[in-house]
Structures are given as structure tokens and as C-alpha cells.
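Please treat every number below as a calculation from the coordinates, not as lab data. What you are looking at is a predicted structure, and each value in this text was computed from that prediction instead of being measured. Note that each Cβ is placed from the backbone with ideal geometry, even for glycine, and that neighbours are counted across all protein chains shown.
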Amino acid sequence: MAEVLEKTVVMTMLQPPPEVYDLFDNILVLDKGEVVYNGPRTTLPSYFRSIGYECPPRKDVADFLQEVTTHLGPRYATSCDRLIKNKRPATSSEFAARFRESSVFQNLMAEVSQTDKHSWNFATATMSSKVALGYTDCLKVVFGRTLKASLRDGRFNRSRMIQALVLGTVVGTVFLDIGRNESVENEKNFVPIKVGLLYLATMFQALATLSAIESIIARRSVLYKQSAFHFFHVSTYAISEAILELLWTIPQVLLFSTPLYFAVGLANSASGFVTFAGLLYLASTIYSQLFKLITAVSPNAVLAKVYAMLVLFLHIVFSGYILPESKIPTGWIWLYWSNPMSWILRGLCQNEFLSPTPVYEVKVPAQLGNGTQGKFRLGDISLDLFGMSTNPDFTPGAVGVLVGIYLVLLGLTTLAYTHVRIRSRFSTMSADAKATDAVSPDAVAVVFKSSRGGGVNSLPFEPVTLSFRDLYYTIELGKGKDKTTRQLLKGIHGCFQPGSLTALMGSTGAGKTTLMDVIAGRKTAGVIEGDMFVNGHALERHSFNSVSGYCEQNDLHEETATIREAFHFSAALRLPSNTTQDQRQSFVEDILDVLELTPRANAQYLTLSQGERKRVTIGVELLSNPSILFLDEPTTGLDSRAATIVMECIKRIAESGRTVVCTIH
């Protein structure tokens, strides 16, 4: 693309392989925000050689650049004679200063000064604040994509419809026939139950929309990126989501309303059912939009659900069912009038009790809430009991208010999508990315030596020699007539000795993890044949499990806990009960030192790099004080420097006298 289309391509890379590195024309190396090198790729090795560093013949240049500015840099130093004549840099500032003194920098400045003399007319399409398509065309495209994504999420849509149908049927059968009363006395008893049913139906519509919060959060990062590059108007995204929700809510409300309405026997008229379903439809769409607004301004799904439940709780309390309007304190009455649930509940109650059902038309003596006495419709008395209006014009007005609330929420959601950008409040900068300001080979040697100085031996353990011979592992595939067997391990021999670090290597599917799992006793299916020995005695699984540890490939820990807290928790649960508190404390600090995690000991797990997380996993297992430690692909997913740190820590563990076995991909 750069050569054929004559485009300027700028790319950030982390440790690219040699064949990728060789494709670049120019390289810019940064360290702690300062330029270490910026120039042609072909002159980079000679430049670093001139300042005292040389990439070894069998070392990838990208790996060399990853480590040269860190505490590992001294291993790439050139001869001592060269260092005496020309002191090599050690800190990022020194690297940057040496670069500014170089001929590479002078050539770069000369090139920049030449380009400044020209007036360039750059294409502005990618930086324009205008969207390429017109608003209508943009809305069509965005809605089409939103619709396609929704249709592909069949599991969520099916569960949503099934939930509505099941709950509508269950509620309908629980309240079966309570609306078919011909006796006035019976009807008086059922009025609170009917209002409670209508309240329950409204609340279900609100609760059903909470499940969409996770998917909204998942799509939010895509919205941020595409809106920042002006792919579309943000309002088209909000409107597309709203239209789609309006469409999906129709079958959901019908599946809920139909069995409930007719099983209960509510107002027996077509207009009554349409009004009932329409008000529930408004309830679902309004709360869906409300929760989208809350999600748009929430850092994550957990907090979005907390905020949504808080708002929903207030709406439930001030809906007019638990506390009638007349009982709500003056300072809180605004929550009643701004509450969509209160408008919907009053509309549903009017739809039922103002209907021409014969029992509601019967006039009975009563005293209304305003003190008026006389004979009134039973339906009017039922509404007055809950402080609700008997004016038939209320319901159309309530619909207008609800539509207005929905449009306001849609507008606020659009504004939130446009102006609110949630950034992580946790720093992900880690010790893996930091180098000490003053680094020397002696200093590095001292660090490693002090770590090896017996820290992992502060609690006694028995060294273990693990051997095995003629190890076979067979599994069954299929069922019935199609059942076959497959042999995954075939006559394996081996021995793992104390103080040794053994790597199980091979291509994908070679059986590395299978062999380690069989030895570690993690295989619960299949047939295992052969002999395994611990210190010359036949392996007894229960006792072996008590002296072994296993680090899985996936690092799973409590995200909000600090490293030290995670280590103390593991030590408290896994060390013998006769271990004193001081011994546990000392052992934890020793493990932190061995794994080079002491500077980050008080950092929360979710702020750690991948390399640090892997070392935390190793530490948690090491705190059980195992004699033998198994590790499943401890370097997978790590760059060369992080992998080196992890393997140096593992090597240190082996040098303490423990038997260490790991698979390497």
C-alpha cells in the first residue's frame, strides 16, 4: 500500500517478527516519552553500536530494541575499550541526548527543514468533522447494521420472548378469573388485588429491559471509535437503537399481555386490551431508553446495573401503589409526577375501572377521599381508594406525557453518546514496562543474587524426584456403535529431579499438556496405564497432591485485590495450620521478592500487565509451599521481555530445590 498507492503509513508495533520488521523503511524508538532513535531501519544497528550497544547475531532486532533501554540493556554492551572511550547511555534521558548528538538526528532535521519550505495540500477527508453521507442515507446504513446485528443475536431475542410468554402465562394463571366478578361484595375484595396485578405487570416491563445493559456496554467502544472518526452522526446510532427496540417490544408485550389479560378477565373490550397492551408497550420502551441513558454515563456494566436498580427502586416506591399521592411528603412529590411508572399505573387502572363492566357501573354508598358522601360507581370508588383520577380524559393525557418522557430520554441518550466518553480510571502501566534509571551489570547481578538467596526456602519442604515409565493414556470417543478409542500418550518415560527446570515442548496437539495433566492427576476421564514414582515409591495420589502445585494457562483472580492481599489469602488457606503468622508473613514477602513483585505488591490485580498477572498466578501456587510445581504454557501471550522475566523467576524457583515442569509452546 505504501509503495503502490504512495501512502504514508505510520504503525505502532510491539516486538514484530524479523520478516515484519524488515518491511519497514524507518524506525522510531521511544522510551518514557523520549525519542531514542528515529531514522532509517538500515542504519539502526550501526547507530546503537556507536553508542555502546550491539544486537547479538542470533537476536531479533525487535527483541533487542525491546530490552536495550531497560535493566537488561547491559547484556548488549560492547567491549570495555569502547566504553572507556565513549560512555554508553543508561537512562532514557541519556539515550535521547545521545540521539540528538548523532548524525542520524542531523539528517532528520535537515529533511524536516526542507519539507517546511513547501506548501502541502493534504487530503482532509479523514480529519473532516463532516459525515460523508447525508443524514437520511446515514440513518439507513446504521439502522441496517444495527438490525443485522440484532437478528444474529438470536439467543437473546428468543430468551426475551420466551420470558415474556412464560411470565404472562404464569401471572395469568395465578390471578385466574379475578376480573370476572358479578358480586359487588366480591369485587370490593378483589380491587386491591387487581391494582396489585396491574402494578406487577408494569414492574415486569421495567425489569425485563435490565438484561440489555451488558450488550449496550459491549457495543459502546465501537460507537466511541466510529463516531470519533465521523463514520456517522451519533444521533443516527441512538435513533437506530430506539427504532429497533420499538420493533422488538411489540411481540414481547403481546406475548406477555395476551395470556395475562384474557386469563385474568380484565375489561372485556377490544379497546380495553389495546389500551392495556399500549401502556405496557410504553413502559417497556421508556425503561429501555432510561437504562440506555444510565449505561451511556456509567463506567461499566456493574455500576450501570447499580444505578439502574437505584432509579427503578425510587420509581417503584413513588409509583402511587405503595404510597398514594396524598401520603407522599411534599419534598418528594416531584418523583411521583416525573415517574413514568405512576402515569402508566394510573392509566392501566383507569382503563380497567372506567370500563363499562356491569359490576363497575353499580352505584354504592361511599365516602370519597375528598370527604364527599353519596352513591358512586364502584369503579370510581376503586380508583379513589388509591388516590387516582376518575376523569376519563386522564389516560390520553398520560399517553402524551409518556411519549414526551420517552423523547426527552432519547435526546439525553443522544447527548450522552455524543459527549460522554468513559475512560478507564485504572493505570495499566506496570513494572514490566519500567526500567531503573541507573542500570549496571553489577546491579542486575545483585538483584538476581538476592532473590536466589533462599527466599523460597524460608519454609521447609521435601525435595521430590518424580519418575514415570510406560505411561499410556487412552480416551473414548463417540457413543454406542460409533464408540472408538484414541491413544494420546504412548509409552512415555521420564524423570523430573529436584532443582531442575524441565520443559515439555512440541507442536500444537503433540500432547504436552496431556502428559503434564496425567502426571499431575488432573485427568478424570479415560484410562491411564503405566508406573509413576515419587522418590522411588509408587505415587499415592492424595499425598502427591499435597506436595504439588499447578499453574493453569488462564490467570483468574479477584480483580480488586492487591497482589499482597492475594498472596496472604492463599498463604492463610494453603499453608499448614501449625505455620505461625510471622512465618506466613515472611514467606509472602520472600515470594514477592523472588517473583520481582515487591514494587507492585499494593497494586490491584486489574491494573497489572499480562506478565505480572502470570507471576501472581505462580506466586499463589508457590504459597502452598509445593515440592513440585507444574506450569501450563507460562509464556503464552507475553512479549519477549515479559516472558524472560517470567522464566527467570521460574528458574529461580527451580534453583531453590523444587522440581519444576512446564509446557512451552
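Structural remarks
- Calculated P(r) tail over 16 Å for the stretch 18-116, as whole % of Cα pairs: 57
- Taking other C-beta atoms within 10 angstrom as a stand-in for reagent exposure, 3, 34, 621 fall in the order 3, 34, 621, fewest first.
- Here is how the number arises for the chain: DSSP H runs of 4 or more residues each give -39500 (n - 2.57), the sum is divided by the residue count, and the result at 222 nm is -16500 deg cm²/dmol.
- Between residue 496 and 466, 467, the built amide H atoms are under 5 Å apart, and every one of these is 5 or more places off in sequence or on another chain.
- For 332, 343, the sequence from fewest to most other C-beta atoms within 10 Å is 332, 343.
- Normalised contact order of the stretch 449-664, rounded percent, pairs of Cα under 8 Å and 6 or more residues apart: 31
- Angle in degrees between helix 301-317 and the longest Cα principal axis of the chain, rounded to the nearest 10: 20
- Summary of packing: across the peptides 504-515, 65-76, 148-159, the per-residue average of other C-beta atoms within 10 Å ranks them, highest first, as 65-76, 504-515, 148-159.
- Diffusion constant of the stretch 449-664 at 4 °C, which comes from Stokes-Einstein with the Kirkwood Cα-pair radius and 1.567 mPa s, µm²/s: 71
- C-alpha long axis of helix 340-353 to longest principal axis of the chain, angle in °: 30
- Placing unit charges on the Cβ atoms of the charged side chains and taking the dipole of the stretch 449-664 about its Cα centre, the candidate lying farthest along the positive direction among 528, 645, 594 is 528.
- Positive-end extreme of charge dipole, the stretch 135-419 - chosen from 224, 197, 343 (charges on Cβ): 224
- Normalising the average separation of contacting C-alpha pairs (under 8 angstrom, six or more residues apart) by the number of residues puts the relative contact order of the chain at 12 percent.
- Gyration tensor verdict on the stretch 501-625 (Cα atoms; rounded if a/c is under 1.5, prolate if a/b is larger than b/c, oblate otherwise): oblate
- Relative contact order, percent, the stretch 135-419 [alpha-carbon distance under 8 Å, six or more residues apart]: 25
- Using the Cβ-Cβ distance between residue 579 and residue 655 with R0 = 25 Å, the FRET efficiency computed as 1/(1 + (r/R0)^6) comes to roughly 0.60.
- From the coordinates of this entry, log10 I(q)/I(0) by the Debye sum over Cα atoms at q = 0.09 Å⁻¹ is computed, and it appears in (1) -0.79; (2) -1.01; (3) -0.87 under the label (2).
- Selection from 270, 208, 654, by position along the positive dipole direction of the chain (Cβ): 270
- Cα-centred dipole magnitude for the chain, charges only on beta-carbon of K, R (+1) and D, E (-1), debye, nearest 20: 540
- In terms of the mean number of neighbouring beta-carbon atoms within 10 Å, the peptides 548-561, 472-485 order highest first as 548-561, 472-485.
- Entries in 614/651; 490/512; 327/363; 483/512; 490/651; 32/87 that, when Cα-Cα distance is taken, lie over 19 Å: 327/363; 483/512; 490/651; 32/87
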